[in-house]
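A.B. asks: Please find one structure pasted underneath; my questions will follow.
The values are calculated or read from the model by the stated rules, or taken from the named source; none is laboratory data. What you see is a predicted model, and the numbers here were worked out from it, not measured in a lab. Neighbour counts run over all protein chains shown; Cβ positions are idealised from the backbone, glycine included. Only protein heavy atoms, including side chains, enter the accessible area calculation; ligands, DNA and RNA are left aside. Shrake-Rupley method; radii C 1.70, N 1.55, O 1.52, S 1.80 Å.
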Amino acid sequence: MLESILTKLKSENQIGLININDQDRLIIKKVMRSLSFFRVNSFDSQIIQRDLIGMAQELQIRNSSLSENIGDDLKGFTSSIVEGSNGP
């Protein structure tokens, strides 16, 4: 059952990534790549990706972007995500 939820979540994330701008998509991919170094499990990483996509979509509605809101400290942003997660 968990496998089917994970598969569905991955599919929804793929679709969500298509619907955001290129710069935000690149930021999300960089964050996700960084998370793999912190050993975040696959389910949690998909949840984090879904949340980041949601943030990007919300910011697009407000005529803003992830890059404007995160700034230049992508590493710090990623670290704060890891600290807020349940861990590996």
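A.B. asks: Only one residue in ASP51, ASP24, ASP44 is acidic (Asp, Glu), closer than 24 Å to GLU3 by Cα, open to solvent by less than 70 Å² (accessible area, probe 1.4 Å) and at pLDDT 85 or above, so which one is that?
C.D. replies: Only one candidate qualifies: ASP44.
A.B. asks: Something else about it: I want to confirm something. Restricting to segment 70-88 and keeping residues that are within 19 Å of ASN21 (Cα to Cα) and open to solvent by less than 70 Å² (accessible area, probe 1.4 Å), which single residue is modelled with the lowest pLDDT?
C.D. replies: GLY71
A.B. asks: Next up: Report, by residue number, each residue of segment 14-29 that is closer than 22 Å to ASN63 by Cα and in a helix (DSSP H, G or I).
C.D. replies: ILE15, GLY16, LEU17, ILE18, ASP22, GLN23, ASP24, ARG25, LEU26, ILE27, ILE28, LYS29
A.B. asks: Part of a helix (DSSP H, G or I), charged (D, E, K, R) and out of contact with any strand residue (DSSP E or B) (no Cβ under 9 Å at 6 or more places or on another chain): is that true of ASP72 in this structure?
C.D. replies: no
A.B. asks: Shifting gears a bit: Quick test for you: out of SER67, SER34, SER11, pick the one residue that is in a helix (DSSP H, G or I), hydroxyl-bearing (Ser, Thr, Tyr) and surrounded by fewer than 14 Cβ atoms within 10 Å (Cβ to Cβ).
C.D. replies: SER11
A.B. asks: Residue by residue through segment 55-64, note down the ones that are assigned to a helix (DSSP H, G or I) and either free of Cβ contacts under 8 Å to residues at least 24 places away in the same chain or open to solvent by 40 Å² or more (accessible area, probe 1.4 Å) (or both).
C.D. replies: Scanning segment 55-64 gives MET55, GLN57, GLU58, GLN60, ILE61.
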